[in-house]
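Bear in mind that the values in this text are calculations on the coordinates, not laboratory data. None of these values were measured; they are calculated from a predicted model. A quick note on method: Cβ atoms are made from the backbone with ideal geometry, for glycine too, and the neighbour counts reach across all protein chains shown.
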Amino acid sequence: MLDIKLKKELERLALEIRIGAVEEFKARGFGHMGGSLSVADALAVLYGAVMNVDPKNPLWVDRDKLVCSKGHAGPAVYAALALKGFFPYEELKTLNQPGTNLPSHCDRKKTPGIDMTTGSLGQGTSLAVGMALGDRLKGRPGRTYLIVGDGELNEGQAWEAAMFSAAKKVTNLVWLIDHNNKQLDGYTQDVLDSGDLRLKFEAFGFDAVSIDGNNLEQLYMLLGKDVQDRPLAVIMDTIKGKGIKEVEETMANHSMAVTEETYDRWIWELKQQLDDIPCAGERKEGIS
């Protein structure tokens, strides 16, 4: 059960991640808005309550790891890492600028706290399986958390990785499917319908569970779960653009321009939500 104090902290962190992502997109002028906002709650739970990481030692061998296979959601991951202290918050405003350490898609050689380079959809699934299996063979305690887009599951490589995960019982790897029902150019059911993802992962040999992927309590209860004999797949039913009503209601919200006017509206909306949550401690630099 998620206690009230921790729940408030995670609610604040999820909003701060969304604010950080919008600030990144504002500095760049555009960005992958929808899919970044939809995973903010999962990232808040992972980095705020579940994952065992050390911002002062990002390459600690026994750490838990995150692979954001939908690498275009990297800006949300960057915001989470900055808020956790992996690098200064102000660096978020350098997103995809010349010389930046924060490219549009995740790059482990550039950004402290990024565990795997991703962006070519589908490939992060196999990489995450290899990382988790390597840790298990070396007797390391860390778990790997894999974020996959529902549109990304159009890629055959993802299903090869899923089959291998179940067959080899890679139980120190948790799959999180961002099921926001949209991809680059339409609804997933219209582009290439994946059917019932929970039943599909279950048929592959997973312990598969469907949850409200924007519900912090449901995320917390599952992501810290002790997995035994089958890998865990969490089908996160999310809203693309979650947290900003205008973005949620925009059909083409995969990538959006961010003007001074839209930025002011969206940041005001997010900060209003933030102000409605009792503060459990100091706000992070750059958020207040």
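Modelled spin-label separation between Arg108 and Asn181, with each label point placed 7 Å from Cα along the Cα-to-Cβ direction: 3.5 nm. Remark: Lys138, Lys65, Lys93 ranked as Lys138, Lys93, Lys65, counting other beta-carbon atoms within 10 Å and listing the fewest first.
Given Leu219, Pro88, Gly149, which one lies farthest toward the positive end of the charge dipole of the range 4-275, if we put +1 on the Cβ of every Lys and Arg and -1 on the Cβ of every Asp and Glu? Selected residue: Pro88.
Stretching the chain fully between Ser194 and Leu2 yields a gain of 65.9 nm (0.36 nm per residue, less the alpha carbon separation). In this calculation the C-beta distance from Asp212 to Lys271 is compared with R0 = 22 Å, giving a FRET efficiency of 0.40. On the principal axes of its alpha-carbon atoms, the range 4-275 has extents of 51, 45, 41 Å, going from largest to smallest. Determine the relative contact order of the chain: mean sequence separation of Cα pairs under 8 Å and six or more apart, normalised by residue count, in whole percent. It rounds to 25 percent for the chain.
For the range 220-258, the list of trypsin sites (Lys or Arg not before Pro) that fall in a loop by DSSP and count at most 15 other C-beta atoms within 10 angstrom reads Lys225. Membrane-span-like helices in the chain, defined purely by DSSP H runs whose alpha carbon atoms cover 27 Å or more axially and whose average Kyte-Doolittle hydropathy reaches -1.0, are 4-28.
Using the crude model of +1 on Lys and Arg Cβ and -1 on Asp and Glu Cβ, and no other charge, please compute the dipole size for the chain relative to its Cα centre, in debye to 20. Please report the intermediate quantities before stating the final value.
Numbers: 34 positive and 42 negative charges, 209 e Å.
Computed charge dipole of the chain: roughly 1000 debye.
Counted by neighbouring Cβ atoms within 10 Å, the residues Phe86, Phe30, Phe25 run from fewest to most as Phe30, Phe86, Phe25. Shown is the FRET efficiency for Asp229 and Glu249, computed with R0 = 41 Å from the Cβ-Cβ distance and rounded to the nearest 0.05: 0.45.
The H on the amide N of Lys182, modeled in the peptide plane, is under 5 Å from the matching H of Thr188, each at least 5 residues off or on a different chain.
Going from the fewest other Cβ atoms within 10 Å to the most, the residues His254, His179 appear in the order His254, His179. DSSP finds beta bridges in the chain, and of those with both partners inside it, around 15 percent are antiparallel. The translational diffusion coefficient of the range 29-120, from Stokes-Einstein at 25 °C and 0.890 mPa s with a Kirkwood hydrodynamic radius over alpha carbon pairs, comes to 187 µm²/s.
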